[in-house]
Amino acid sequence: MKKILVAAAFIFVSHLYAQPVSIARKASQTYKALQQHHYTPRKLDDSLSNQVYQQFLKAINLNGLYFSKEDAAVLSHHQFKIDDYISSENTKFLTEISSFLQIQLQDYLQFLKKEENTTVVFPEEAYWPVGDAGIPEDKESLKARRVNFILVEVLMRTMRSGKDFNQMSSIAPGLKKAIINHQIENISDFKTNLNAYIENAFLNALCLVHDPHSAFLSASTFQKFKHSLSSQSLSFGLVFEKDWLGRIIIQNIIPGSSAQKTDSLFVGEQLTQVVFENGVSLDLVNGDDVQDLESMLDDPTIKTATFTVISAARSVKKVKLNKTSINIQENTVSAFLLKGPVTIGYMSLPSFYTQWQSDVFMSSANDVAKALIKMKQENIQGLILDLRNNGGGSLTEAIDLLGIFIDQGGFFQVKSKTEVSTVKDPTRGIIYDGPLVVMINKGSASAAELVAATLQDHKRAILTGSTSYGKATIQTLFNLHNAEPYSDEIDEENDVLKITSQKTYRATGASYQMKGVIPDIYLPDAGTYLYDSEKDLSFVLANDSISRKTYYTPFTGKNPWKVSSQENIRQTELSEALSNLNQMLSKGLLLKPEYFIRLQKMLMGLESQVPPETLYQIDGLHYDKSLTTFNAYNIILQQDIKNLQQSPYVYEVYKLFQNNLSSR
């Protein structure tokens, strides 16, 4: 589902349009920095102006609910003048945009108030798009978009709450009222912070037309960006995820956190409401989404909150938590031993984290190395490195991790506007030279893809899963005010630009940009059909290759690894279920209760896919034995083990090891 915009998600700036020079200067600085540092800088002309204009309108028209193309025609005289506005440092046109949007928001509010008195009627055939819906063509299309948005929210919230679709006639009116009230509150907040949102959307539109990964980051947004790459921060200790039914579930509880020490919250429980110390309340069943929750949780001014959850027994409880300084576990290595006919190490790395500005040394590569040393003491016969849904992170950490498995030679190549260089192993020697399988999927991106591709080129690992995301570009941080590379010594109140400055190429000179890294053995998951990849984005950099190749020697271990035939991977039942899901989503979400009943059953069926047999027992590697004295920690550990035990993907990789090792 699309994000629901709330005040907590806005990016605040300190000026208003009474002082237009500030945003005008920022726009000029942004373009000059892009011109100087972007891999493919663009000319400031009518073509760029038109594209900035189109992307800007999309950004301020959430879900296409505020205005149509017909409405926006009154702004079209700006369409090919934005280049002139930037060069002359004149952004007074944003005042006109602000006035226009306020009128459209008022129109939407009037629509919502009228809808309060209408009944819920599901049309014979109407769809809500799974991807980008775009801007409606005219007023009639806009009205249909608004009506359908309410209907899809009614259906999604019914599925999220676990209510019976067969009781739709009785529950729909209450849900509709809650949705409308929530939208009215959001619009009120939006209008209050309208200027700040417009300015941020404009600067990001200017970055976006260069490529989808370049961005303007306000000072507050940049702090959140650093937090996402760090494994240590203030946190309540709860890790959330949205399940396929749209519910927000406790996915993990971090050892040593406030949430763990209460011993009253457990993995798998559904979060329904959070009330923060500043009075803000999020209703996670009837309105707010996981993005809203993350925005509030990342607010450094918030130190306490009360969480309402529903237990597995459907009982409701409220727990008050305090933020404490902890290691963020969802960003760190998880390691287990799969003990059966063969002993295999399993390691999940959800990001290439590092530690920003801290005396505490935190490194994803270092954590992998420590876990490997422990595993080798257990005499593992093979290793599974799970990079599924690893969105990347620190390139330095990715290079250091490659050095754990590859002794020498070029890893990959990096090309800037002016030169091509080869990235090599900075240190000789390896920690692990045994059989290695790397798991990837469409959620594996950037640094994760770079690691997977390099291990594949060096014949160091077998890749299993589905084709990766397809991002082969590198972003560099620059201070907005002087376009110089970002430094931690700079005042944290300064804005920052994230600019795509380089592209990466495999050791062979080939690129996985847009195409993704293709696994040796195909094991598709639901994300193959549910999520977009690089090629689905606007303004992506093209796939190309370079003629320059780097020297490397393919890995040859004591026991050469052989690829089993793809036919030996028994994923027929799961593949058929995924194919059916893809077909069901092909036109979008049909706005009918009976369709959502079928969709719910299908998603629950996918969630319940389990291996046909139990081949191995799973033991966790304990870094801190004292943690086992906490009840919550043991529950987390057992849940992780259960998830691994029930994973059909891990099962198939284990079978791959078993068949391969037994044939030697």
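The values are calculated or read from the model by the stated rules, or taken from the named source; none is laboratory data. Owing to the predicted nature of the structure, the values given are computational and were not obtained by experimental measurement. FYI the Cβ positions are ideal-geometry reconstructions off the backbone, even for glycines, and counts take in every protein chain you see. Note: accessible area is taken over every heavy atom of the protein model, side chains too, but ligands, DNA and RNA are not part of it. Shrake-Rupley method; radii C 1.70, N 1.55, O 1.52, S 1.80 Å.
Computed values, structure above
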item: C-alpha center-to-center spacing [the stretch 579-601, the stretch 428-500] in angstrom; result: 35
item: Solvent accessible area, Å² - Thr324, 1.4 Å probe, full protein context; result: 50
item: For peptides 141-149, 24-32, 117-125, sequence by mean Cβ density within 10 Å, most packed first; result: 24-32, 141-149, 117-125
item: Computed lengthening from Tyr522 to Gln638, 0.36 nm per intervening residue step minus Cα-Cα distance; result: 38.9 nm
item: Sparsely packed GluC sites (Glu not before Pro) within the stretch 425-498, loop by DSSP, other Cβ within 10 Å at most 14; result: Glu489, Glu492, Glu493
item: Whole-Hz ³J(HN,Hα) from phi, Karplus 6.51 cos²θ - 1.76 cosθ + 1.60, for the stretch 430-441, glycine and proline x; result: 9, 9, 9, 10, x, x, 9, 10, 10, 9, 9, 8
item: Using θ = phi - 60° and Karplus 6.51 cos²θ - 1.76 cosθ + 1.60, couplings along the stretch 377-386 (whole Hz; Gly, Pro as x); result: 5, 8, 6, 5, 9, x, 9, 9, 9, 8
item: Cross-link pairs Lys515/Lys592; Lys58/Lys303; Lys163/Lys592; Lys303/Lys642 - those with Cα-Cα distance over 25 Å; result: Lys515/Lys592; Lys58/Lys303; Lys303/Lys642
item: Virtual spin-label span in nm between Gln110 and Lys92, 7 Å along Cα→Cβ; result: 2.9
item: Rounded accessible area per residue of the stretch 411-532, 1.4 Å, Å²; result: 35
item: Per-pair calculated FRET efficiency, R0 = 35 Å: Val130 and Val610 via Cβ, rounded to 0.05; result: 0.80
item: Residues with amide H under 5 Å from that of Phe411, placed H, sequence gap 5 or more; result: Val423, Lys424, Asp425
item: Surface share of carbon and sulfur [accessible, 1.4 angstrom probe, percent] for the stretch 403-516; result: 47
item: Whichever lysines have a C-alpha closer than 17 Å to that of Lys317, once near sequence neighbours (fewer than 8 apart) are set aside; result: Lys261
item: 3J(HN,Hα) from dihedral phi, the stretch 387-393, Karplus parametrisation 6.51/-1.76/1.60, rounded to Hz, x for glycine, proline; result: 10, 5, 6, 8, x, x, x
item: Asp292, Asp536, ranked by accessible area, largest first (probe 1.4 Å); result: Asp536, Asp292
item: Share, in percent, of DSSP beta bridges within the stretch 387-472 that are antiparallel, nearest 5; result: 55
item: For Val438, residues with placed amide H under 5 Å, excluding near neighbours; result: Leu385, Ile462, Leu463, Thr464
item: For the stretch 401-507, projected area of the alpha-carbon convex hull averaged over all directions, nm²; result: 8.5
item: Residues with amide H under 5 Å from that of Thr473, placed H, sequence gap 5 or more; result: Thr504
item: Straight-distance crosslink candidates among aspartates and glutamates, where the alpha carbon sits under 19 Å from Lys339 and sequence neighbours closer than 8 are dropped; result: Glu378, Asp386, Glu613, Asp619, Asp640, Glu652
item: By average C-beta atoms within 10 angstrom, highest first, the peptides 33-43, 61-71; result: 61-71, 33-43
item: Length gained when the stretch Leu537-Leu661 is fully extended (0.36 nm per residue, less Cα-Cα span); result: 40.5 nm
item: Å² per residue, accessible surface of the stretch 73-178 at 1.4 Å; result: 50
item: When each of Lys242/Lys601; Lys370/Lys549; Lys32/Lys81; Lys26/Lys503; Lys43/Lys415 is checked by Cα-Cα distance, pairs over 23 Å; result: Lys370/Lys549; Lys26/Lys503
